[in-house]
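Encoded as structure tokens, the structure appears first; notes follow it.
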Amino acid sequence: MNPWRIAFIALAILIALYFWPRETVIQGETMGTTYTIKYWSRRPYIKGGLARDTAAELDRLTRIFSTYHANTEIQQLNQGGGTYTLSPDMTTVLETALAIAKKTQGAYDITVEPLYALWGFKDHAVQIPDPVAIQRTRARVGYQRLQLVGNQLTKPADMQLDLSSLAKGYAVDQLAELVADTVPNFMIEIGGEVVARGHSLRKKAWVVGIEDPNQPGKVKQPVALHNEALATSGTYRNTVQINGEHYAHILDPRTGYPVQLGVASVSVKAPTCLLADAWATALLLLKPDAAIVPDTLQIYY
């Protein structure tokens with residue numbers, strides 16, 4: 001065979017292999033946890049740019065929602081009272097949080113931060129507070145004391161906001177919008193909150209596993225995601241034992257005490273990860289037969 005023909009065929013094979021569909025993974029750390037982006041594409045050269053864009057977007061969201069970095073938007077809101085002009089991201093998250101708080105009649109409440117501080121969950125020095133102190137602190141909690149009109153938020157000076165129950169879900173949604181501009185088929189996860197678009201390399205739905213709370217590390221149930229999100233909230237991983245009693249890190253703002261429903265884990269499939277994340281927390285504080293759950297959600301206990 002002609003050497004030039006052999007060279008041409010070899011080059012064609014190399015080019016075909018280079019552009020052959022392949023699954024690619026981007027990983028990193030954000031918001032006190034890890035993130036993973038898994039996608040498949042015929043363009044291997046896009047990974048570097050996508051990784052940089054992802055890191056930049058996560059840095060931007062951290063400057064809004066992090067309570068562990070100085071001068072973030074949430075930190076500025078928590079420094080005092082008055083009326084604040086919110087960023088579009090903060091407005092969207094607060095609108096969702098307050099809507100769910102109202103729907104659950106305060107079982108879900110992003111103003112519960114003072115109770116977490118009182119119990120010592122924030123600095124990992126948990127102790128059972130005095131009942132009088134709990135009741136006194138509960139007076140500072142209550143979503144009804146917040147007023148959100150458009151992008152204008154009015155809050156009392158003694159109120160602290162905690163968006164940890166839905167900020168990661170919102171970040172997943174934002175990353176999904178960013179990645180979707182480059183590739184149509186991907187799955188994104190931040191700290192266990194997941195969104196999937198399109199399909200896997202095998203032309204099937206993306207599948208994630210819900211962990212068995214009785215056997216951590218083992219999958220209890222696989223869930224297929226068709227342009228959907230899945231988030232899980234549980235009491236079994238973050239508990240402390242005091243005087244022989246186990247206390248979960250999820251506090252009920254209506255009582256000031258850790259949740260006592262006996263539900264170890266709740267997973268929610270929803271159109272967006274923002275909704276899935278918030279409702280997964282809310283449903284740890286509600287009875288499973290609560291009729292307030294939107295029809296667009298699918299619940300896994």
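Only the coordinates and a few stated rules stand behind these numbers; no lab work does. Given the structure is predicted, the values throughout are model-derived calculations rather than measurements. Note that we place each Cβ from the backbone using ideal geometry, even for glycine, and neighbour counts take in every protein chain shown.
With a threshold of 18 Å on the Cα-Cα distance, the over-threshold entries among 218/269; 102/287; 38/204; 102/269 are 218/269; 102/269. Near residue 30, the amide H atoms lying under 5 Å from its own belong to 35; only residues 5 or more places off or on other chains count, and H is placed 1.01 Å from N. For trypsin sites (Lys or Arg not before Pro), the sites in the stretch 103-165 that DSSP calls loop and that have at most 16 other Cβ atoms within 10 Å are 122.
Quick one: dipole size for the chain, taken about the Cα centre, charges +1 on Lys/Arg Cβ and -1 on Asp/Glu Cβ, in debye to the nearest 20.
Values: 28 positive and 27 negative charges, 173 e Å.
In debye, rounded to 20, the chain gives about 840.
Counting only helical runs of four or more DSSP H residues, what would the 222 nm mean residue ellipticity of the chain come to if each run contributes -39,500 (n - 2.57) and the total is spread over all its residues? One gets -10000 deg cm²/dmol as the mean residue ellipticity at 222 nm.
The alpha-carbon atoms of the chain define a convex hull whose volume equals 156 cubic angstrom per residue. Panel note: the C-alpha atoms of the stretch 17-114, placed on their principal axes, show extents of 59, 31, 22 Å (largest first). Karplus-based coupling profile of the stretch 60-72, in residue order and whole Hz: 4, 5, 4, 5, 9, 9, 6, 9, 10, 10, 6, 6, 6, with θ = phi - 60° in 6.51 cos²θ - 1.76 cosθ + 1.60 and x standing for Gly or Pro. Around residue 252, which amide H atoms from residues at least 5 apart in sequence, or from another chain, sit under 5 Å from its own amide H, with H modelled in the peptide plane? Residues meeting the criterion, in which the H sits 1.01 Å from N, are 257, 259.
Converting phi to 3J(HN,Hα) with the Karplus coefficients 6.51, -1.76 and 1.60 and the offset θ = phi - 60°, the stretch 98-108 yields 6, 5, 6, 4, 5, 5, 8, 6, x, 5, 9 Hz in sequence order, with x at every glycine or proline. The GNM of the chain, with springs linking C-alpha atoms under 10 angstrom apart, assigns the highest mean-square fluctuation among 120, 191, 234 to 120. From the square roots a ≥ b ≥ c of the eigenvalues of the alpha-carbon gyration tensor of the stretch 111-253, which class results: rounded (a/c under 1.5), prolate (a/b over b/c), or oblate? Because a/c hits 1.5 or more and a/b fails to exceed b/c, the stretch 111-253 counts as oblate. Taking amide H as placed 1.01 Å from N in the peptide plane, residue 265 has its amide H under 5 Å from the amide H of 235, each at least 5 places away in sequence or on another chain.
Stokes-Einstein diffusion coefficient for the stretch 176-301 at 37 °C in a medium of 0.692 mPa s, Rh from the Kirkwood formula over Cα pairs: what value in µm²/s?
Estimated via Stokes-Einstein, D reaches 209 µm²/s.
Remark on the stretch 218-278: hydrodynamic radius 13.4 angstrom, per the Kirkwood mean of 1/r across alpha carbon pairs. Remark: spin-label model distance residue 68-residue 103 equals 3.0 nm, labels positioned 7 Å along the Cα→Cβ axis.
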